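Engineer: Below is one structure. I have some questions about it.
The values are calculated or read from the model by the stated rules, or taken from the named source; none is laboratory data. The model shown is predicted, which means the values in this text are computed figures rather than measured ones. Cβ atoms come from the backbone with ideal geometry, glycine included; neighbour counts cover every protein chain shown.
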């Protein structure tokens, strides 16, 4: 089921309402623009007309500690599709960004609802800067800016959903293979990074991705396993 809206506060808020009402896995909520789009840790997400803003309802058969793999899966899917459709060289920045030329092209935000030891659903919000001509003081870029032309957002959405479905099956059946594919495109690995969490930050060299999607960071005190946060690349690769 695909729900299309001219404007919403947040596609993820509507998707969560639908999920609570029993909407099936694979339901998509899409909006021409969002007035209250959001990113990780409460940050706002610039969501004007021309972008591709949508949220996907999932009911995965995964252990709770591995849900972060969904964010990696979606970022990988976006990178693969924009490269195949448009020849755009996209790289992945852990945990939820797709970059082109070092600037953000796409972001992913997972929101979950669970009971004790039982997941009810995941809503995955995906924002792709498609046909946008300028960004207010943001290190971001759009497909239109990269290509010098507008892209067909309907085609892009269809290709993304098809690839997400393929990768979702891989995630449930062969998570190790998906992690290997993600790591091969992840520009965070090998770099000096700082990850800011709610109560602390960790600095060191990103050495790998753990089986639950966490970032393995080699610090002066030893290897830290970081499951979420705002990641900053401190040096160029």
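Engineer: For the range 125-144, which positions are assigned to a helix (DSSP H, G or I) and under 15 Å from residue 107 (Cα atoms)?
Structural biologist: 143
Engineer: For the range 74-90, which residues satisfy the criterion of being surrounded by 19 or more Cβ atoms within 10 Å (Cβ to Cβ) and closer than 28 Å to residue 196 by Cβ?
Structural biologist: 74, 75, 76, 77, 78, 79, 82, 90
Engineer: At least 1 residues that are under 30 Å from residue 217 (Cα atoms) and in the same structural domain as residue 166 (by TED's automatic domain parsing) in each: list the strands (runs of 3 or more DSSP E) lying fully within the range 1-112 that qualify.
Structural biologist: Counting at least 1 such residues, we get 52-58, 91-93, 97-100.
Engineer: Condition check: without any contact (Cβ under 8 Å) to a residue 12 or more places away in the chain and touching a helix residue (DSSP H, G or I) at 6+ places or on another chain (Cβ under 9 Å). Does residue 87 satisfy that? Even if it seems obvious, please write down each step before you answer.
Structural biologist: Details: without any contact (Cβ under 8 Å) to a residue 12 or more places away in the chain: yes; touching a helix residue (DSSP H, G or I) at 6+ places or on another chain (Cβ under 9 Å): yes.
Criteria met by residue 87.
Engineer: Would you point out which residue out of 114, 100, 15, 23 is more than 26 Å from residue 230 (Cβ to Cβ) and either surrounded by 16 or more Cβ atoms within 10 Å (Cβ to Cβ) or modelled with pLDDT under 95 (or both)?
Structural biologist: Selected residue: 23, the only one of 114, 100, 15, 23 that is more than 26 Å from residue 230 (Cβ to Cβ) and either surrounded by 16 or more Cβ atoms within 10 Å (Cβ to Cβ) or modelled with pLDDT under 95 (or both).
Engineer: Considering the range 227-237 alone, what residues qualify as being assigned to a loop (DSSP other than H, G, I, E, B) and over 22 Å from residue 66 (Cβ atoms)? Before you say what the answer is, go through the steps one by one.
Structural biologist: If we filter the range 227-237 for residues that are assigned to a loop (DSSP other than H, G, I, E, B), which is where we start, we get 227-229, 234-237.
Within the range 227-237, 234, 235, 236, 237 meet the criteria.
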